[in-house]
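The values are calculated or read from the model by the stated rules, or taken from the named source; none is laboratory data. Given the structure is predicted, the values throughout are model-derived calculations rather than measurements. Because the Cβ atoms are built from the backbone with ideal geometry, glycine has one as well, and the counts that use them run over all protein chains shown. Please note that ligands, DNA and RNA were not included when accessible areas were found on the heavy atoms of the full protein model with its side chains. Shrake-Rupley method; radii C 1.70, N 1.55, O 1.52, S 1.80 Å.
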Amino acid sequence: MISNQILQSTIEGLKEITRIDLCICDTEGKVLASTFPDAEEYESSILSFVDSPADSQVIQGYQFFKVFDEHQLEYILLARGGSDDVYMVGKLAAFQVQNLLVAYKERFDKDNFIKNLLLDNLLLVDIYNRAKKLHIETSVKRVVFLIETKHEKDVNALETVRSLFATRTKDFITAVDEKNIILVKEVKPNETYEDLEKTANMILDMLNTEAMTKVHVSFGTIVGDIKEVSRSYKEAKMALDVGKIFYSGKNVIAYSNLGIGRLIYQLPLPLCRMFIKEIFENHSPDEFDEETLTTINKFFENSLNVSETSRQLYIHRNTLVYRLDKLQKSTGLDLRVFEDAITFKIALMVVKYMNYMENQDF
């Protein structure tokens with residue numbers, strides 16, 4: 001359960017303090033961590049000690065100790081020397097490793113609980129019972145952040161996020177799939193959505209600089225009870241998708257700021273196809289050439305202002321009018337008329353959504 005790296009750093013730290021060499025092996029005599037070479041030579045002695053009833057023993061100038069996890073033998077610890085001081089250091093080291101086992105098991109249990117909570121795999125009564133057993137407060141304001149990494153199983157990104165929130169014992173970091181890191185964060189009484197946006201940008205900047213990875217960050221709404229955490233997670237998932245479809249220029253997206261994209265995302269595809277056919281008959285907005293699409297988007301950006309749009313496109317006003325007239329002939333929509341412009345804008349968003357959803361099927 002505990003990584004060999006953690007075991008190694010633990011006994012190296014103890015050696016720096018006590019100047020006594022230590023070694024940790026599994027119950028089959030395999031060396032997991034050691035501060036001295038040739039520890040493999042004691043495999044037969046370790047196997048004999050495993051079968052003995054003693055919890056500690058001096059063998060070949062080494063103190064041997066058993067480390068248990070709830071009465072189950074987990075590790076054998078060796079301390080070099082046979083003196084009382086070495087015995088005391090060995091007992092302390094064994095106690096430290098045993099505490100690590102307890103801490104890691106609690107973290108594993110909490111991690112499993114949070115995963116099942118996010119995925120709605122728990123009954124309401126189980127949520128409160130398990131939360132109480134794991135000492136997790138139920139009536140705390142929380143929000144879920146979703147961090148999508150470019151590469152699957154990005155360990156560097158995961159460790160960077162963990163280091164960012166290492167001191168926050170009420171925050172939980174986990175993953176339910178290969179590409180997304182999930183942060184369930186406690187929200188302080190005076191924290192606002194603007195503060196959450198700052199937190200999301202901080203995560204983004206840290207991952208860009210520390211883990212050297214490009215990510216997208218989304219977050220749901222603040223919930224007041226542990227049973228509602230899964231709702232915030234679903235909102236963060238939707239925000240991530242909606243952001244990729246309609247706001248591709250943004251790397252941070254909040255569920256509370258999705259606008260009309262939220263509505264379009266929840267439309268069934270057959271209804272979307274019917275709408276596009278009704279507006280454009282056998283045509284589709286994504287069939288327009290690059291020049292036409294650039295003109296349309298710039299026209300929308302400038303709130304249907306012909307003069308400003310032509311200036312920014314570096315074209316004559318009459319040229320822009322000609323393009324808009326040409327578009328009106330092919331679609332029946334005059335973008336200079338507010339109602340037609342809204343219809344066209346929504347149609348563009350619907351087509352983006354349809355293309356995204358159809359590509360997801362492959």
Those residues of segment 17-62 which are outside any loop (DSSP other than H, G, I, E, B), of a type in the set (Gly, Ala, Ser) and open to solvent by less than 20 Å² (accessible area, probe 1.4 Å), in sequence order: 33, 39, 45
Subset of segment 314-338 (residues that are under 16 Å from residue 289 (Cα atoms) and surrounded by 15 or more Cβ atoms within 10 Å (Cβ to Cβ)): 320, 323, 324, 327, 328, 331
Of all residues in segment 257-292, which are among the hydroxyl-bearing types (Ser, Thr, Tyr), within 14 Å of residue 355 (Cβ to Cβ) and modelled with pLDDT under 90? 284
Could you please let me know if residue 168 is surrounded by fewer than 16 Cβ atoms within 10 Å (Cβ to Cβ), modelled with pLDDT under 85 and not in a helix (DSSP H, G or I)? yes
In a strand (DSSP E or B) and either open to solvent by 30 Å² or more (accessible area, probe 1.4 Å) or over 30 Å from residue 183 (Cα atoms) (or both): does that describe residue 86? no
Search result, residues across segment 340-362 that are under 13 Å from residue 300 (Cα atoms), open to solvent by 20 Å² or more (accessible area, probe 1.4 Å) and without any contact (Cβ under 8 Å) to a residue 60 or more places away in the chain: 340, 342, 345
Scanning segment 172-208 for residues that are of a type in the set (Lys, Arg) and closer than 17 Å to residue 162 by Cα, which turns out least open to solvent (accessible area, probe 1.4 Å)? 185
Regarding residue 279, is this residue surrounded by 15 or more Cβ atoms within 10 Å (Cβ to Cβ) and under 36 Å from the mean Cα position of the chain (by Cα)? no
